[in-house]
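Engineer: Sharing a structure with you now.
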Protein chains: 2
Amino acid sequence: ELRDALAASFGGGALAGLKVVVSAGPTYEDIDPVRFIGNRSSGRMGFAVAEAAAAAGAAVTLVAGPVSLPTPAGVARRVDVRSAAQMQAAVLEAARDAQIYVGAAAVGDYRPQQVAERKLKKQAGADLVLQLAENPDILATLAAQPAPPFLVGFAAETHEVAAYAQDKLRRKKLDMIAANEVGGGRGFEAGDNALTLYWPDGSLELARTSKAALARRLVEQVAARYRAVRG
Amino acid sequence: ELRDALAASFGGGALAGLKVVVSAGPTYEDIDPVRFIGNRSSGRMGFAVAEAAAAAGAAVTLVAGPVSLPTPAGVARRVDVRSAAQMQAAVLEAARDAQIYVGAAAVGDYRPQQVAERKLKKQAGADLVLQLAENPDILATLAAQPAPPFLVGFAAETHEVAAYAQDKLRRKKLDMIAANEVGGGRGFEAGDNALTLYWPDGSLELARTSKAALARRLVEQVAARYRAVRG
């Protein structure tokens, strides 16, 4: 880590001279002023990636959903958001002049069609139906731009992780995807994690370790693939 | 506070010799292994009430929803739960030999009718409908018992706070209700708070102050009302 810090401070890190945007954490979609739909992302993996990218010399913008984590050392800018729509707006703005985007946030796929201004009252004996609308897909929106940044996605799945990750890589036109299995104490709320990286013509398993160590290995691979593809 | 601690340690606190159960925090209702419906309760008010009750000499059981707060000083037992059903089971068990129950948790009114075992996949272009079922009402369940404890509820409302709180006091057969207005930085996620207490033949406004100070004043009033009605 001292070597990384020294290398970064002298402009010699693997991501020196590059602008990197990292999204992290969950999004919360409000139902009314009190209730929301959330997800179990702790934000720790994304925050670790932001710290590792900064240590590798990148100018990092971290777009964070609702988490209670301190801004990692070296991160140049942090934008706090709550909903998927807010996250998309912040990422698109930050990504305009970035070379790499790492989408580590667990963006909610759906939001309530209407957000009630007043707290919804329980109707005794009656069930409730919540109409949900699809959220914007941040990675797909970036991929559809004329000159998208190098795009790294995450796939957190409970089943058939490899098949789903490779499909998502192709479908969303990503440059790399980091896949992990969640549930049973793995992934989202756990302190350590394992990842498998896929890119269009290769893959690499990163064995279970702390999220900080895993993030450094991921950033090394992102830098290597970025240099190979974008020069 | 020193006086409270001394009084409590010599058995002279306002709640000395009493068993008190406090519920605190939100409940999270899982939609699938990743998504859930939550609410904005931070748990701080309930944790402050548990600490104040312990300082007043009570043997306190704290039933806590998903929060990241340390157990307050003096609290005898803490039970961590996630869903409303788990909270109800833990509260009913703890309340069996308790004299006072303070329901400070923001219990989710609704849960998804089914919890999906696998992460739900986004259906491109299709909206989603979430069927919700009503959760058990913990206070009403306690009130319906043959010899219920002294029951204190909370009402966090965005509008018409007084009317709603007084209706809830009568409808749920509570001994006291603590009402506050939420939204616009007040209540749920704020550091301080104000409360109005209602009981069947009176009310009292507790002015805006820290949640710790407010909790001590609330506990004083609970002790006074308990002694008046049950003492």
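The values are calculated or read from the model by the stated rules, or taken from the named source; none is laboratory data. The structure displayed is predicted, hence computed values, not measured ones. Neighbour counts run over all protein chains shown; Cβ positions are idealised from the backbone, glycine included.
Engineer: Residues of the range A:24-59 being part of a strand (DSSP E or B), farther than 19 Å from B:ARG82 by Cα and within 11 Å of chain B (Cβ to nearest Cβ), which ones?
Structural biologist: A:GLU29, A:ASP30
Engineer: Within the range B:60-142, considering only strands (runs of 3 or more DSSP E) that don't extend past its boundaries, which have at least 2 residues that are within 14 Å of another protein chain (Cβ to nearest Cβ) and at pLDDT 95 or above?
Structural biologist: On the way: elements: B:77-80, B:100-103, B:110-112, B:128-134.
Counting at least 2 such residues, we get no strands (runs of 3 or more DSSP E) at all.
Engineer: Which one of A:GLY65, A:GLY57 is touching a residue at least 40 places away in the same chain (Cβ under 8 Å), within 27 Å of B:GLY108 (Cβ to Cβ) and buried (at least 23 other Cβ atoms within 10 Å of the Cβ)?
Structural biologist: On the way: A:GLY57 fails: within 27 Å of B:GLY108 (Cβ to Cβ).
Among A:GLY65, A:GLY57, only A:GLY65 is touching a residue at least 40 places away in the same chain (Cβ under 8 Å), within 27 Å of B:GLY108 (Cβ to Cβ) and buried (at least 23 other Cβ atoms within 10 Å of the Cβ).
Engineer: On to the next question. Which condition number in (1) in contact with an Asp or Glu (Cβ under 7 Å, 6 or more places away or on another chain); (2) under 20 Å from A:GLN221 (Cα atoms); (3) in a strand (DSSP E or B) is the one that A:VAL21 fails?
Structural biologist: (1)
Engineer: Quick check on the range A:156-167. Is at least one of its residues at pLDDT 90 or above, surrounded by fewer than 21 Cβ atoms within 10 Å (Cβ to Cβ) and either at the interface with chain B (Cβ under 8 Å from one of its Cβ atoms) or part of a strand (DSSP E or B) (or both)?
Structural biologist: There is no residue in the range A:156-167 that is at pLDDT 90 or above, surrounded by fewer than 21 Cβ atoms within 10 Å (Cβ to Cβ) and either at the interface with chain B (Cβ under 8 Å from one of its Cβ atoms) or part of a strand (DSSP E or B) (or both).
Engineer: Give the residues of the range B:100-114 that are surrounded by 17 or more Cβ atoms within 10 Å (Cβ to Cβ) and not acidic (Asp, Glu), sorted by residue number.
Structural biologist: B:ILE100, B:TYR101, B:VAL102, B:GLY103, B:ALA104, B:ALA105, B:ALA106, B:VAL107, B:GLY108, B:TYR110, B:ARG111, B:PRO112
Engineer: Output the residues belonging to the range A:30-54 that are surrounded by 24 or more Cβ atoms within 10 Å (Cβ to Cβ) and touching a helix residue (DSSP H, G or I) at 6+ places or on another chain (Cβ under 7 Å).
Structural biologist: Selection gives A:MET45, A:ALA48, A:VAL49, A:ALA52, A:ALA53.
Engineer: Let me ask you something else. What is the number of the single condition among (1) in contact (Cβ under 8 Å) with a residue 60 or more places away in the chain; (2) more than 24 Å from A:LEU174 (Cα to Cα); (3) out of contact with any Asp or Glu (no Cβ under 8 Å at 6 or more places or on another chain) that A:ARG111 does not meet?
Structural biologist: It is condition (3) that A:ARG111 fails.
Engineer: Within the range A:4-42, which residues are closer than 18 Å to A:GLY153 by Cα and at pLDDT below 95?
Structural biologist: The answer is A:ASN39, A:ARG40, A:SER41, A:SER42.
Engineer: List the number of the failed condition for B:GLY153; all other conditions in (1) touching a Ser or Thr at 6+ places or on another chain (Cβ under 9 Å); (2) within 16 Å of B:VAL107 (Cα to Cα) hold.
Structural biologist: Here B:GLY153 meets the rest and fails (1).
Engineer: Regarding B:PRO146, is this residue surrounded by 14 or more Cβ atoms within 10 Å (Cβ to Cβ) and either away from every other protein chain (no Cβ under 14 Å) or over 30 Å from A:GLU157 (Cα atoms) (or both)?
Structural biologist: Here the answer is no, as B:PRO146 does not meet what is asked.
Engineer: Shifting gears a bit: Which ones in the range A:174-220 are among the basic types (Lys, Arg) and modelled with pLDDT under 95? If you could, list the steps in order and put the result at the bottom.
Structural biologist: Kept after step one, since they are among the basic types (Lys, Arg), are these residues of the range A:174-220: A:186, A:208, A:211, A:216-217.
Passing the criteria: A:ARG186, A:ARG208, A:LYS211.
Engineer: When the residues of the range A:125-161 are filtered to those that are touching a residue at least 12 places away in the same chain (Cβ under 8 Å) and β-branched (Val, Ile, Thr), which remaining residue is farthest from A:VAL20 (Cα to Cα)?
Structural biologist: That would be A:THR158.
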